[in-house]
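The values are calculated or read from the model by the stated rules, or taken from the named source; none is laboratory data. Since the structure is predicted, the reported quantities are computational estimates derived from the model, not experimental observations. FYI the Cβ positions are ideal-geometry reconstructions off the backbone, even for glycines, and counts take in every protein chain you see.
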Amino acid sequence: MKKLLILVLLLPALVLADGPIDFDLPGLDGNGHQLSTYRGDWVVVNYWATWCAPCRKEIPDLSNLHDSRDDIVVLGLAFEDTSIEEFESFLVQYPASYPILLVDTFDPPAALGAPRALPTTYLVDREGHLVHTWIGPVTSGMITDWIRDNG
């Protein structure tokens, strides 16, 4: 009975994982960003917060990845209830070359949900499927190795 209950509880997640995912979030730049507009590229979706030390350490490496590969886009999802001014001030000290999207911590994108820990990074393939998740710090090497070995 327990196995059946677990299967029933996991079934919706398995069904959702089969198709492309999408979300539309406001950017710090004032523009909306819809995940599906990046189809054709690998998309690295990185949940972060200003108070998260490992998140701060990832920013330069993820910026380099975003800038150096034409086939990879990085999106930073700011998972923190703070003002735009505070984010902008933070990004002067920790500049990110990739779009920073603002997440309502009480209503995160349904396709991803709230992160279990920060940082959390998702890899979305060229067709929009969620193909890998890293909980905790990630490096550009980990991402490019995964794409090379599995993409």
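Some notes on this structure:
- If you go through the range 70-93 and keep only what is part of a loop (DSSP other than H, G, I, E, B) and surrounded by fewer than 12 Cβ atoms within 10 Å (Cβ to Cβ), you end up with 70, 71, 81, 83.
- Residue pairs meeting the criteria (Cβ under 9 Å; at least 6 apart or on separate chains; first farther than 11 Å from residue 143 by Cβ, in the range 115-127; second small (Gly, Ala, Ser) and at pLDDT 95 or above): 117/136; 118/49; 118/136; 119/49; 119/136; 120/136; 126/40; 127/40
- Positions within the range 44-67 being in contact with a helix residue (DSSP H, G or I) (Cβ under 8 Å, 6 or more places away or on another chain) and either surrounded by fewer than 16 Cβ atoms within 10 Å (Cβ to Cβ) or within 14 Å of residue 134 (Cβ to Cβ) (or both), in sequence order: 44, 45, 46, 48, 61, 62, 64, 65
- Members of the range 77-107 that are polar (S, T, N, Q) and under 14 Å from residue 56 (Cα atoms): 89, 93, 97
- Residue within the range 49-68 that is more than 21 Å from residue 143 (Cα to Cα) and part of a helix (DSSP H, G or I) present: no
- Residue within the range 105-114 that is crowded, with 19+ Cβ neighbours inside 10 Å, under 14 Å from residue 49 (Cα atoms), modelled with pLDDT of 95 or more and of a type outside the set (Lys, Arg) present: no
- Residue within the range 39-48 that is more than 16 Å from residue 122 (Cα to Cα), among the charged types (D, E, K, R), modelled with pLDDT of 95 or more and assigned to a loop (DSSP other than H, G, I, E, B) present: no
- Positions within the range 125-151 being modelled with pLDDT of 95 or more and assigned to a loop (DSSP other than H, G, I, E, B), in sequence order: 125, 126, 127, 128, 129, 136, 137, 138, 139
- In the range 83-114, the qualifying residues are those that are among the small types (Gly, Ala, Ser) and in contact (Cβ under 8 Å) with a residue 24 or more places away in the chain, and the one that is farthest from residue 41 (Cα to Cα) is 114.
- When the range 115-124 is limited to residues that are in a strand (DSSP E or B) and hydrophobic (A, V, I, L, M, F, W, C), the one that is surrounded by the fewest Cβ atoms within 10 Å (Cβ to Cβ) turns out to be 123.
- Residues located in the range 19-38, provided they are part of a helix (DSSP H, G or I), among the polar types (S, T, N, Q) and either in contact (Cβ under 8 Å) with a residue 12 or more places away in the chain or closer than 26 Å to residue 137 by Cβ (or both): 36
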